[in-house]
Amino acid sequence: MPSSTDTISQHKKKGGGFLKRQAAKSTKSDMTEEQLLRKKSIIVPEDVSHLNRATENYLIDGRNNEFKINFTRFKIRDIETGEVLFEISKPDDESDDGLDYDESDDDSGRFVRYRFSEDFLKLKSVGATIEFTVGPKPLENFRMIERHFFRDRLLKSFDFTFGFCMPNSKNTCEHIYEFPSLTQSEIDEIVSSPYETRSDSFYFVNNRLVMHNKADYAYDG
């Protein structure tokens with residue numbers, strides 16, 4: 001996979017590298033997963049924005065997909081070159097309708113494991129195209145907050161708005177991810193620690209959490 005940047009912050013910035021600066025940003029408003037679950041039965045965007053690390057559990061039961069949101073295609077491309085870095089889609093005849101959820105459900109359908117090359121960490125930005133279908137209820141103010149952590153350090157928090165989605169519709173949109181600049185030593189640390197980079201994707205309708213997906217990442221491919 002070609003790198004689309006010649007040099008990205010190979011020198012140490014004043015005050016240390018990006019990861020050290022992020023670790024120093026911890027504030028009194030930070031919240032643990034346990035505190036959030038004890039505090040709220042309804043989770044709103046401001047709640048997840050205060051989480052100080054990736055979650056260990058899901059903040060909402062996967063069986064409570066009341067809006068029947070079903071992600072059917074996902075593609076990642078390098079914005080500068082247009083190269084497709086990752087793409088996956090569900091077969092047209094695959095549907096979640098009629099699934100029999102039970103206590104043994106391991107939530108595997110809400111978790112994705114990615115493996116990229118080291119060059120991915122040197123990209124400035126990527127475009128993520130998402131295709132999804134909606135059930136009989138409309139989505140008002142559909143929004144995603146996605147937070148990426150390396151161990152207990154926040155790498156980046158993204159906040160994307162889908163807006164209104166009609167009932168029984170298929171929708172496609174592309175969101176642009178602008179990545180932080182990492183020093184070479186930080187890149188080396190992340191590459192040598194596969195799957196210790198993790199993300200939570202929180203989906204909201206009218207500022208209420210309705211879906212929670214998780215992923216982890218390796219960059220040694």
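FYI, it's all coordinate maths here, none of it is from the lab. Since we're looking at a predicted model, the values are computed, not measured. Virtual Cβ from ideal backbone geometry, glycine too; neighbours counted across all protein chains shown.
Here are a few things to note about the model shown:
- Among 185-192, 201-208, 79-86, the order from most to least packed when residues are scored by Cβ within 10 Å on average: 201-208, 185-192, 79-86
- Integer Hz, Karplus 6.51/-1.76/1.60 couplings in order for region 201-217, x for Gly and Pro: 10, 9, 10, 10, 10, 6, 6, 10, 4, 10, 7, 9, 10, 9, 8, 9, 9
- Convex hull (Cα only) mean projected area of region 180-221, reported in nm² to one decimal: 4.0
- Long-range HN-HN contacts of residue 211 with modeled amide H, under 5 Å: 203
- Checking the cross-link pairs 68/214; 124/214; 122/156; 124/170; 39/75; 90/124 against a 26 Å limit on the alpha carbon distance flags 124/170; 39/75; 90/124 as lying beyond it.
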